[in-house]
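A short worksheet on the structure shown next.
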Amino acid sequence: QVQLVESGGGLVQAGGSLRLSCAASGSISTINTMGWYRQAPGKQRELVAAFINSDSTNYADSVKGRFTISRDNAKTTVYLQMNSLKPEDTAVYYCNAKVVVVAALSPRNYWGQGTQVTVSS
């Protein structure tokens, strides 16, 4: 199976920065996509940034120019550098990966437990 573990969340003042990390482990054959979603109280979960179609990236319009997604050389850990944070960025940030598991027939979607990001005004 696959485990996704997020870290790096916390409390920061508006205009500050945080760097989130997500480490994937387990019986991984191939990671097709990997990235970050977030969910604020009472709102739908939304895409923040992700690697898709191998090396392509996709960002939400609301974070373009402020957030940057990156990966390690093994492509099993993703990072989200968040700069110029705003109160509206407050949410639980979830790591997501679409993974081909060893001995599986097709890719499967996995989620981490999430890490809280709170931005004070």
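Brief remarks on what is shown
- Residue in region 75-87 that is farther than 17 Å from V12 by Cβ, touching a Phe, Trp or Tyr at 6+ places or on another chain (Cβ under 9 Å), open to solvent by 30 Å² or more (accessible area, probe 1.4 Å) and free of Cβ contacts under 8 Å to residues at least 60 places away in the same chain present: yes
- Filter result (within 26 Å of S106 (Cβ to Cβ), open to solvent by 50 Å² or more (accessible area, probe 1.4 Å) and not in a strand (DSSP E or B)) within region 45-74: R45, N53, S54, D55, A74
- Set R38, R108: member being among the charged types (D, E, K, R) and surrounded by 18 or more Cβ atoms within 10 Å (Cβ to Cβ): R38
- Residues within region 11-26 that are surrounded by 13 or more Cβ atoms within 10 Å (Cβ to Cβ) and either modelled with pLDDT under 95 or part of a strand (DSSP E or B) (or both), tallied: 9
The values are calculated or read from the model by the stated rules, or taken from the named source; none is laboratory data. Since the structure is predicted, the reported quantities are computational estimates derived from the model, not experimental observations. Note that we place each Cβ from the backbone using ideal geometry, even for glycine, and neighbour counts take in every protein chain shown. The accessibility values were calculated without ligands, DNA or RNA, using every heavy atom of the protein model including side chains. Shrake-Rupley method; radii C 1.70, N 1.55, O 1.52, S 1.80 Å.
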